[in-house]
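The values are calculated or read from the model by the stated rules, or taken from the named source; none is laboratory data. These figures come from a predicted structure and were not determined experimentally. Because the Cβ atoms are built from the backbone with ideal geometry, glycine has one as well, and the counts that use them run over all protein chains shown. Note: areas computed on protein heavy atoms with side chains; ligands, DNA, RNA excluded. Shrake-Rupley method; radii C 1.70, N 1.55, O 1.52, S 1.80 Å.
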Amino acid sequence: MSDLTIANTVCDLILGDVREHLPLEKIPLEGDVLGLGTTTSVDNGELTFLRNGDEQSSIWRCVAHDGSIVRLTPGDGSGHFPYVCFTGDARALRRPVDLEILGDPEGRPLQGLVEDAIAQGQRLGTLEAAPIYGVRLIAHWHELVITVASKLCMGQQRRNLGIASSEAGTTVAGLSLYDMLQHYRLAPQPGVDANDPIRYLGRSMQWDCCGFFDTEPELGRVTVPQEGAHLHLHGCSTDLAYGGHLHHEHPSTRLSRLESLWIYPLRSIKALASDLAIESLVYRAGALHFRVSNIGSMDVSDVGVAVVIDDRYSNHRYVRIPWLKAGESEDFTMPLSLPKGDHRISVIADPEQLVIEVEGRRANNRMDLDVVSA
């Protein structure tokens, strides 16, 4: 098994309208499992992976509208994730950081502390070089700002910018990802500014956090794809009252101290992807028979299939599949009356190319059939 598995990427997520999902049941939670992600646009929120001792990990959903958290269990309706990255049991990769050597963390930027810890481990020969490092820490804060995803389809306008621009799209593109999310503040006392746009949550100042430090953040694998954005952390307050994405770079966020810090060198990475295919196409007895399959590793929602006769796209027929699990297929029979003569029938899965597929794997989305109708 790879050290780190990524289902879609942060780049995919912030483009918006993600139709690919990894079910909760596909994530093994035995042992110390690091991870983070987002839930569906139906229920909204962030995912935080917490340890339950050393034998088991659990996933908590951070709720967008009030910052509360809910432990996820299979079958509860929120166990499909458009973006999630996770390890297997990472106990063998765990490298505790000597906090005394790291120095006083009071008021220091958290990303800088993690970066120093990685550099320290490499100098001492206790930490292997890796493209991505897992991070676990327990921190106490003077003040902490968190964000929670309140709308996953934030970026269809961003997709459009590759083709055409609009006033709305330009406005959205000018915002950072975190500008568009719901913000919350944790502090010993509420602020005095009644017009503060950041909603005050409470006094829960100790947080259990889990995430990743990417040495190449521009790739957008587990962090926002921009230079210098190495650290992506989600967490929950240790009283299990609140949770979300740690906005550790926010001007109001101020660290008090670290209780523990563990670094995990993740040297191998596996990317999961969708792969739709038309696997059979037959015309007989006045009916078209075809099979649509999902041969990828992620479930796909809202799949469209177009049936086109003789390249007349203006008169095509369209089938929509609400959900197609990874490894499953659906067979269709479509009554089809053809005039006498030669015809070409084309069946195309995802003709709008809304589903994210690896480059070079779209060829199997289409199958053509030549038919002679008597």
> Given the alpha-carbon gyration tensor of segment 233-363, what are the semi-axes of its equivalent ellipsoid in whole angstrom, ordered largest first, with each equal to the square root of 5 times an eigenvalue?
Replying inline: 50, 15, 14
> What net charge do the residues around Gly31 carry, taking every other residue with its C-beta under 11 Å from that of Gly31, with Lys and Arg at +1 and Asp and Glu at -1?
Replying inline: -2
> With every protein chain in place, what's the accessible area of Arg284 (1.4 Å probe, Å², nearest 10)?
Replying inline: 130
> Considering only DSSP beta bridges with both partners in segment 256-326, what is the antiparallel share in %, to the nearest 5?
Replying inline: 100
> Roughly what % antiparallel, to the nearest 5, for the DSSP beta bridges in segment 233-374?
Replying inline: 95
>> Skipping prolines and chain starts, which residues have an amide H placed within reach, meaning under 5 Å, of the one on Tyr83, given they are 5 or more residues away or on another chain?
In response: Thr38
>> When the expected Rg is taken as 2.2 N^0.38 Å, what fraction or multiple of it is the alpha-carbon Rg of segment 83-140?
In response: 1.20
>> Heavy atoms only, 1.4 Å probe, whole protein assembly: order Glu20, Glu55 by accessible area, highest first.
In response: Glu55, Glu20
> For segment 1-142, what is the convex hull volume of the alpha-carbon atoms per residue, in Å³?
Replying inline: 143
> With a sphere of radius 10 Å drawn around the Cβ of Arg291, what net charge do the other residues whose Cβ falls strictly inside it have (Lys, Arg +1; Asp, Glu -1)?
Replying inline: -3
> Tell me, what % of the accessible area of segment 235-374 is carbon and sulfur with a 1.4 angstrom probe?
Replying inline: 49
> Could you give me the ³J(HN,Hα) list for segment 231-248, computed from phi with Karplus coefficients 6.51, -1.76, 1.60 and θ = phi - 60°, whole Hz, x at Gly and Pro?
Replying inline: 10, 10, 10, 10, x, 10, 5, 5, 8, 6, 9, 9, x, x, 7, 6, 7, 5
>> Using only Cα atoms and rounding to the nearest 10 degrees, what angle (0 to 90) does helix 110-124 make with the longest principal axis of the chain?
In response: 80
> Given q = 0.13, 0.14 Å⁻¹, what are the Debye log10 I(q)/I(0) values for the chain, with equal point scatterers placed on the Cα positions and solvent ignored?
Replying inline: -1.03, -1.16
> Of Gln206, Gln226, Gln111, which is the most mobile in a GNM of the chain whose springs link Cα atoms less than 10 angstrom apart?
Replying inline: Gln226
>> About the Cα centre, and with charges only on the beta carbon of Lys, Arg (+1) and Asp, Glu (-1), how big is the dipole of the chain? Nearest 20 debye, please.
In response: 540
>> On a 1.4 Å probe surface of the protein chains, which of Glu357, Glu330 comes out largest in accessible area, and what is the full order?
In response: Glu330, Glu357
>> Which one, Gly45, Gly79, Gly211, has the greatest fluctuation when you compute a Gaussian network model over the chain with C-alpha springs under 10 angstrom?
In response: Gly79
>> With a 1.4 Å probe and all protein chains left in place, how much accessible area per residue does the chain have, in Å²?
In response: 45
> Over segment 32-114, with a single point scatterer placed on each C-alpha, what log10 of the ratio I(q)/I(0) does the Debye formula yield at q = 0.11, 0.19, 0.23 1/Å?
Replying inline: -0.42, -0.95, -1.09
> Based on the alpha carbon coordinates of segment 180-234, what radius of gyration and maximum Cα-Cα distance (Dmax) apply, in Å?
Replying inline: 15.0, 40
>> Ordering Phe81, Phe332 by accessible area with a probe of 1.4 Å, largest first, what comes out?
In response: Phe332, Phe81
>> Can you compute 3J(HN,Hα) from phi for each residue in segment 299-304, using the Karplus curve 6.51 cos²θ - 1.76 cosθ + 1.60 with θ = phi - 60°, rounded to whole Hz and x for Gly and Pro?
In response: 5, 10, 10, 6, 8, x
